[in-house]
Structures are given as structure tokens and as C-alpha cells.
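The values are calculated or read from the model by the stated rules, or taken from the named source; none is laboratory data. Note that the structure is a prediction, hence the values are computed from the model and not measured. Cβ placement follows ideal geometry from the backbone for every residue including glycine, while neighbour counts extend to all protein chains displayed.
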Amino acid sequence: MRRVEKLHESLLHLVVETSSNLPPDVRRAMARALRTEDPDTRASQALQVIASNIDMAAGCEGPICQDTGWPTFLVTTPAGADQMMIEDAIRRAIAEATQRGKLRPNSVDSLTGKNTGDNLGPGTPTVHFRQWRHNDEIEVRLLLKGGGCENKNIQYSLPAELPNLGRADRDLDGVRKCLLHAVWQAQGQGCSVGAIGVGVGGDRTSGYEHAKLQLFRTLDDVNPDPRLRELEEYILNTSNALGIGTMGFGGGVTLIGCKIGAINRLPASFFVSVAYDCWAFRRLGAVLDAGTGAIRRWLYKDDAPIEPMAVSEGFARTGKEIPLRAPVSEADIRGLRVGDLVLISGVMYTGRDAVHHHLMRHAPPADLRGQILYHCGPVVLKEGVGWRMTAAGPTTSIREEPYEAEIIGRYGLRAVMGKGGKGPKTLAALQEHGAVYLNAIGGAAQYYARCIEAVEGVDLLEFGLPEAMWRLRVKEFPAIVTMDAHGNSLHADVQNASAGVLKTFATPVFV
Ligand code: SF4
């Protein structure tokens, strides 16, 4: 096989493996989280679904999450290697993985929203090149980081006044306050349990880049800088006392990793940049033979066989689960309370950013009265004359906050479902019109794809596959009522309770 073809094959293998199989350090951290939460709690049930999902994805080489993320490659080559040829091979591998349904088409024109369909376009993927001496191998590391957690990244400019924590000065304790605030502000919207990469210093651009590069470290490595090591341990332990938990459902584990790097800064600037990554922490790497393009060895993986994460498929049922079938009556919806676990069977519709935008100006293509609108941008494959969803977890609902209240009222929806919760405007609309917000388990794309019995139709396909409005027939699709028709919001409760805990960490620690 020609070198360029072998290189393409190796890179395709890396992309598919990264999208479908979590690295051992992340698996270990997730297994610890599962052991830590009390069984029968919402956090434990969510982690059980996630564990099943991780096993399913690895078993079928399917995307762990339907948002297969923004690909960032870190490539180190011998001096003089043909970097343009390597970048071409990366782009071909990305396009082929997309065509095979291993990556979702995720690259859209920033102004028109038009999807390129192959994950390629100006700026995508990101490829960083480095060189090394005295090594004739090519090392390729890949991070696939989704939009939900990317949106929870945050950058601080010190000194700053932080909610619940007071003034953060230009010192290590100021950094400590920023990091606690970063975890708190993310709540469950970045699909906690999560990990943070932190860049201290730099300018605004290099600070964020340094933060993201920290995510290429393993969760259990040891920071060589003793001050940063101590801060990493402190943030990991203290964040878990905030009580945010998996998906923001409350619980004892919120963070599975904190990795901090520091670079120099201008005397006038002191940036603390935080890259938040979700539990679907997809990071792998491979060392390639520069002569043949073949994979010599994997990075981040070890030789141990992959142990299944889940004890049983899905979550342990308690008998309190409530069946839900659309069209749902107002009386049935008003009977639901925050904390109820529902199992949806029958029909539901997907709709995310483009559909919400469309519905503000146009009537829906189907009658939505009594229906459930699922915030989801699935991975879909054409099969004969029909379609098959290969990954179908929820997307972040807060993005639709400017539209949702009006859409619920205007079209008579009885439930909207996604992840991370909604704001006060939607909460008021739920109360007024008799509707609920359902929180599905973020990232559980394989698990939810298996709850879909059939794709019954699609409208608005011109928005692209992830943004179209899909009509699905589902069976026992689990979700938790986190905002009900009585003005209750689990998200607001957890946010307020965790703010109370955050306040107790205002006293300086690193002095
Ligand atoms: S697990 Fe959540 S935050 Fe992560 S990529 Fe999937 S939807 Fe996005």
C-alpha cells in the first residue's frame, strides 16, 4: 500500500476510535463516579445510562455522543516532514469518517449556517504542528470536544469581582476562585461530570489555546509544578462539594479532572482561561511510522482489556417510572412533578436551533399540539428509501431560551426535552400553558438511538441533517422532569444550593 494511503487509513482509524471509545483514564474516572453516587439517586441513574452508552459505543464503533465535536489535532513530526501531505490526509480522514456516520456533519458557514456536510471548511479541523529532533516518528493526538461543553468555556481577567466569591486578585488564590466559579457557572449544561483544562497567563488567544492543550494530559497524571499540582487537587475535591452532580441533577461528583498549565503574560494582563470538557471526553493518539504511515502504537490506551462499564443495560428501575405517550393531555402534564422519571413511547419530533428560528416566523410542518419537541441534532444515515439514527442524545436547551416560551404557547407543545434546563421565561410559559421540561441524559447518544424504533419522516431537511425536524417513533425513552407546570425547577434549586456552598469557599486558601 502506498504511504499516503496507509497514512489515510491510520488517521481514519484514529478518528473512528476517538469518536467511539473513551480512553482508559476517563473510563476509570467515570467508574469511580458511578461507585461514589448512592444507587437510586438521579445522579446514579444518569451515570448508569452513561455507562451503558459507553459500552454500546465501543461495542458497535458508533459515536459516543451525537455531537462528535470540534476536531483538534496535535501533530508532532520529524523536522522536514511534509506537513501539507499530513494535513491533506487528516482532512480526507475527517471527510470519510463523516460520510460513514462516525462523525456528525458539524461544520457550518458562520454567517449562513449552511452545513458543509463533510466537517471541512475554513478553520475546521484545527491542526497544530510541532517538530521534534532525534525522533523519526509522527505523533498524532486528537481531541473531539462538543459544542455543549465548549459553550461553558470561560475566561477571566484578574483582578475581578466574582459572584459568591468576592474579589479574585492577581495571585494563585485569585486563580483558585476563578476555577471554582468556572465549575459552578457550568452547572450541568456542559454535561457534567466534566473536566477542566486551565491556561493561566498568555494573551486572550494563547490563554484559551493553552487551556485546551491541557486536555491532552491524562486525568491521572501528576503536574510537575508543585503549586499547580496542589491547586489541581484542591479544585477537584472542592468542586465535588458543590453538589452539582451528573447533568446538574445534584450529587457528590461534579468534576473528574482539573489540569492546569501556566505560561508567561504581559505585566498588564492576567488571564485565567478555562476549557470545560464533558464526560464524553474523547481523546486518543497514535504514533505512526513516518516511512510507511502505519500505526506503531496507540497513545493513552494501555494493554488491559476493556472492561464493560455498566453492570446491566440502562438504569435500575424502581417501579415509579411514569409512561408518557403523545399527544399528552394538559391534565397528565400538570400531574407531573420535578424529579419524576418518565418513559416516553410513541411519537416525538426533533428541533434545535434552526427549527426554533424557523418556527418564530413560519407555521410548523406538523401539528405540534400535545407533542414533545426534542432538542436533538442526531447522526443520521440514509438506508435505502429510509433513514437510521445512529446517535441521538439531547443538545443544550438554554440556547433556545429566547424562542421557547413563544413556541410552547403558539403551537401547544406539552413538553420540550433536551439537557441542562431552561431559564425563567420558559418556566413561566410551562406554568401558563401546562407543559414540562424533560432532561434527557446528555451524551447518551447510543443508548437513546436504541430507544428509537423508527424514523417516520423528516421535514426542513434544507437545514442539514442535524438541524432538520425528524419525526421519531420511540419506545421507553427515559427522561427526568426537571421543570414542571407548577413553577418548580430542579436547575434553579441546584444552582441556588451550590451558590450557597460556593460562598463558603470565599476565604483565601493559597496565601
Ligand atoms: S456529552 Fe454533552 S457536552 Fe459532550 S459532546 Fe455530547 S452533548 Fe455535547
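Which residues, taken from the stretch 287-321, are aliphatic (A, V, I, L, M) and surrounded by 14 or more Cβ atoms within 10 Å (Cβ to Cβ)? Working first, answer last.
Applying the first criterion (aliphatic (A, V, I, L, M)) to the stretch 287-321 yields 287-288, 290, 294-295, 299, 304, 306, 309-311, 316.
Across the stretch 287-321, the qualifying residues are 287, 288, 290, 294, 295, 299, 306, 309, 310.
Could you please tell me which pairs satisfy a Cβ distance under 6 Å, a separation of 6+ or placement on different chains, a first residue in the stretch 117-142 that is in contact (Cβ under 8 Å) with a residue 60 or more places away in the chain, and a second residue that is exposed (fewer than 15 other Cβ atoms within 10 Å of the Cβ)?
136/78
Condition check ((1) assigned to a strand (DSSP E or B); (2) surrounded by 22 or more Cβ atoms within 10 Å (Cβ to Cβ); (3) modelled with pLDDT under 95; (4) within 17 Å of the chain's Cα centre (by Cα)) across all residues:
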residue	(1), (2), (3), (4)
178	no, yes, no, no
184	no, yes, no, yes
198	yes, yes, no, no
206	no, no, no, no
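Hey, could you check the stretch 13-43 for residues that are among the hydroxyl-bearing types (Ser, Thr, Tyr) and modelled with pLDDT of 95 or more and say which is farthest from the ligand (Cβ to nearest atom)? First the steps, then the outcome.
Filtering the stretch 13-43 down to residues among the hydroxyl-bearing types (Ser, Thr, Tyr) leaves 18-20, 36, 41.
Those still in the list that are modelled with pLDDT of 95 or more too: 18-20, 36.
Values: 18: 13, 19: 11, 20: 13, 36: 19 Å.
This residue is 36.
With respect to residue 362, determine if the residue is at pLDDT 95 or above and more than 21 Å from residue 437 (Cα to Cα). Let's see the steps before the verdict.
Working: at pLDDT 95 or above: yes; more than 21 Å from residue 437 (Cα to Cα): yes.
For residue 362, the condition - at pLDDT 95 or above and more than 21 Å from residue 437 (Cα to Cα) - is met.
If you check 306, 322, which single one turns out to be free of Cβ contacts under 8 Å to residues at least 40 places away in the same chain, of a type in the set (A, V, I, L, M, F, W, C) and either away from the ligand (no atom under 16 Å from the Cβ) or not assigned by TED's automatic domain parsing to the domain that holds residue 445 (or both)?
Details: 306 fails: free of Cβ contacts under 8 Å to residues at least 40 places away in the same chain.
Unique residue meeting the criteria: 322.
Please enumerate the residues belonging to the stretch 212-257 that are free of Cβ contacts under 8 Å to residues at least 24 places away in the same chain and polar (S, T, N, Q).
237, 240, listed by residue number.
From the set of residues in the stretch 478-501 that are buried (at least 23 other Cβ atoms within 10 Å of the Cβ), touching a Leu at 6+ places or on another chain (Cβ under 7 Å) and of a type outside the set (S, T, N, Q), which is nearest to residue 53 (Cα to Cα)?
The residue in question is 479.
For the stretch 50-73, give me the residue count where each residue is aliphatic (A, V, I, L, M) and within 12 Å of the ligand (Cβ to nearest atom). Spell out how you get there, then give the answer.
The first filter runs over the stretch 50-73 and keeps only residues aliphatic (A, V, I, L, M), leaving 50-51, 54, 56-58, 64.
This time we only want the ones that are within 12 Å of the ligand (Cβ to nearest atom), so: 50, 54, 57, 64.
Residues meeting the conditions: 4.
If the requirement is being more than 29 Å from residue 128 (Cβ to Cβ), more than 16 Å from the ligand (Cβ to nearest atom) and in a loop (DSSP other than H, G, I, E, B), which of these qualifies: 164, 223?
Numbers: 223 fails: more than 29 Å from residue 128 (Cβ to Cβ).
One residue alone meets the criteria, 164.
Could you look through the stretch 444-464, keep only residues that are in a loop (DSSP other than H, G, I, E, B) and away from the ligand (no atom under 16 Å from the Cβ), and pick out the one that is surrounded by the most Cβ atoms within 10 Å (Cβ to Cβ)? Steps first, answer last, please.
Initially, the stretch 444-464 is screened for residues in a loop (DSSP other than H, G, I, E, B), giving 444, 450-451, 460, 464.
Those left that are additionally away from the ligand (no atom under 16 Å from the Cβ): 450-451, 460, 464.
Details: 450: 19, 451: 21, 460: 18, 464: 19.
So the residue we want is 451.
From the list 266, 324, pick out the single residue that is at pLDDT 95 or above and not in a loop (DSSP other than H, G, I, E, B). Outline the logic, then answer.
Numbers: 266 fails: not in a loop (DSSP other than H, G, I, E, B).
None of the others qualify; the one that does is 324.
Among what's in the stretch 367-397 and is at pLDDT below 95 and basic (Lys, Arg), pick the residue that is nearest to the ligand (Cβ to nearest atom).
388
Which residues, taken from the stretch 40-78, are within 17 Å of residue 394 (Cα to Cα) and of a type in the set (Ser, Thr, Tyr)?
52, 68
Can you tell me how many residues within the stretch 128-159 are over 21 Å from the mean Cα position of the chain (by Cα) and either within 15 Å of the ligand (Cβ to nearest atom) or part of a strand (DSSP E or B) (or both)?
Within the stretch 128-159, residues that are over 21 Å from the mean Cα position of the chain (by Cα) and either within 15 Å of the ligand (Cβ to nearest atom) or part of a strand (DSSP E or B) (or both) number 11.
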